[in-house]
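Student: Below is a structure I'd like to ask you about.
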Amino acid sequence: MAKKFLLKLLVVTATIALVAAGCGDDDGDDEVVAAFVYVGPPGDAGWTWAHDQGRQFAEAQTGATTLFVESVPEVAEDFRAVVVDFIENEDADVIFATSFGYMDPMLELAGEYPDVVFEHASGYKMNDTNFGNYFGRMYQPRYLSGMAAGAITEANQIGYVAAFPIPEVLRGINAFTLGAQRVNPDVEVHVTWTFTWFDPAVEGDSAAALIEAGADVIAMHQDSTAPGLAAQEAGARWVSYNSDMSAFAPDAFITAPVWNWGPYYAQIIEAVASDDYTPGAYWGGMDDGIVALAPLADDVPADVAAEIDEVAAQLTNGSWDVFTGEIRDQDGNVVVAAGETMDDGSMLGMSFFVEGVVGNASP
């Protein structure tokens, strides 16, 4: 039943794009078929839009053929049906899955199709043959965006519309809060969980409720522009996510932590083309450009903008990182000692909120 439903869904509502490149390079990349599974629609901005920009970049860079299916639920049977179709009917050589909930069925599929490369965004599982994972240190530009928001708020209350309480999201909220506190120690960050990656109505209503409760700046870990539209309508300010969404709510926009997936996608496609793929756990940062900060609004104070530039340089050259102590959790317990820096494993498994966050890290 689920498979029949999915096939109807693909015909009626999902988009399969197959684009053959007009030219390829000499290393055979044009023979590679790379398929992408998206959790939402590409639209004009947001998480899936950023991945789709990366797909287009990689296609142009390598000459590979790329395909995608959008709005695939994080349900194992639905995901499996899409991937099997890519492999058995479209001869896909590499599958990119772009949401956390695809991880477990993708691991199973990697075992069933050992000649296909599988790459999973935001997860942590892998094997030693054909299944790797990839992500970026988004917490770095999140921290910088928090600095900008902390300088802009007058109420010292920032609302944060967040999808799910998983380590990736908790890490971003904590980094944002630490950045805001760096320039404004009186800031509180109030978190509302939506339990959806993409639902503009829920996202917008959540932002409006935070503003009504006293927040004058809205931040987000969501995929749509709805929180920004709610902020602009209420005369509040906004830090977007995934891409520079300033065009959608220009009066509200402060800045945004943004993704640049294209070079990584091109690198994997080239490795598949040359039969030189080795699975890994990639977690790049501002140093290699997979994450960055969008331009700042003109009213971010000049001294804070200069400090943001200085901290960005430290993050890029590796001389400092965000989770360097002393850092305390919501209950006042020291979680990172003074002078120490949290290791990657602890960051990837983060399960707490730092001081200054108002909300439940495990609702």
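The values are calculated or read from the model by the stated rules, or taken from the named source; none is laboratory data. No experiment lies behind these values; they were computed from the predicted model shown. With ideal geometry, Cβ positions are generated from the backbone for all residues, glycine too; neighbour counts draw on all protein chains shown. Each accessible area value is taken on the protein alone, full model and side chains, heavy atoms only, with ligands, DNA and RNA left out. Shrake-Rupley method; radii C 1.70, N 1.55, O 1.52, S 1.80 Å.
Student: Percent of Cα-Cα pairs more than 29 Å apart in the chain, please. Walk me through the numbers before you get to the answer.
Tutor: Values: 26840 of 65703 pairs.
Considering the chain, 41 percent of its Cα-Cα pairs are separated by more than 29 Å.
Student: Could you tell me the extents of the stretch 115-236's C-alpha atoms along the three principal axes, largest first, rounded to whole Å?
Tutor: 55, 32, 18
Student: Another one. Given a Förster distance of 41 angstrom, what is the FRET efficiency for Glu77 paired with Arg328, based on the Cβ-Cβ distance and rounded to 0.05?
Tutor: Values: r = 43 Å, r/R0 = 1.06.
Rounded to the nearest 0.05, the efficiency is 0.40.
Student: At 0.36 nm per residue, minus the direct Cα-Cα distance, what do Glu212 and Asp104 gain on full extension? Give it in nm, one decimal, please. Write out the running numbers ahead of the final one.
Tutor: Working: separation 108, 0.36 × 108 = 38.88 nm, distance 3.96 nm.
Taking 0.36 nm per residue and subtracting the Cα distance, the gain is 34.9 nm.
Student: If contacts are Cα pairs under 8 angstrom and at least 6 residues apart, what is the relative contact order of the stretch 141-244 in percent?
Tutor: Values: 221 pairs, mean separation 32.1, N = 104.
It rounds to 31 percent for the stretch 141-244.
Student: I would also like to ask the following. Out of the total accessible area of the stretch 131-188 (probe 1.4 Å, heavy atoms of protein only), what percent is carbon and sulfur?
Tutor: Heavy-atom surface of the stretch 131-188 belonging to carbon and sulfur, 1.4 Å probe: 40 percent.
Student: Of the accessible area of the stretch 221-348, with the probe set at 1.4 angstrom, what percent is carbon plus sulfur? The partial results should precede the final answer.
Tutor: On the way: 2510 of 5620 Å².
Carbon and sulfur atoms account for 45 percent of the accessible area of the stretch 221-348.
Student: Can you give the FRET efficiency for Asp115 and Asp303, using 1/(1 + (r/R0)^6), R0 = 45 Å, r = Cβ-Cβ distance, to the nearest 0.05?
Tutor: Working: r = 56 Å, r/R0 = 1.25.
My answer for the efficiency is 0.20.
Student: Can you list which of the chymotrypsin sites (Phe, Trp or Tyr not before Pro) found in the stretch 134-174 are DSSP loop residues with at most 16 other C-beta atoms within 10 Å?
Tutor: On the way: sites: Tyr134, Phe135, Tyr139, Tyr143, Tyr160; in loops: none.
Within the stretch 134-174, no chymotrypsin sites (Phe, Trp or Tyr not before Pro) qualify (loop, at most 16 other Cβ atoms within 10 Å).
Student: What full-extension length gain, to one decimal in nm, is calculated for Thr129 and Asp344 as 0.36 nm per residue of separation minus the Cα-Cα distance?
Tutor: Numbers: separation 215, 0.36 × 215 = 77.40 nm, distance 2.31 nm.
Additional length available on full extension: 75.1 nm.
Student: Going highest first, how would you order 191-204, 244-257 by mean Cβ packing within 10 Å?
Tutor: Details: 191-204: 18.9, 244-257: 21.1.
Listed from highest to lowest mean packing, they are 244-257, 191-204.
Student: Just how many % of Cα pairs in the stretch 146-188 lie over 16 Å apart, if you round to the nearest whole percent? Don't skip to the end; give the middle numbers.
Tutor: Working: 294 of 903 pairs.
It works out to 33 percent of all Cα pairs.
Student: Please give the Cα centre distance for the stretch 307-344 versus the stretch 67-113, rounded to the nearest Å.
Tutor: 37
Student: So how much slack lies between Ala247 and Ile166, counting 0.36 nm per residue of separation and subtracting their Cα-Cα distance, in nm? It would help to have the intermediate numbers written out before the result.
Tutor: Values: separation 81, 0.36 × 81 = 29.16 nm, distance 2.95 nm.
The span from Ala247 to Ile166 would gain 26.2 nm if fully extended.
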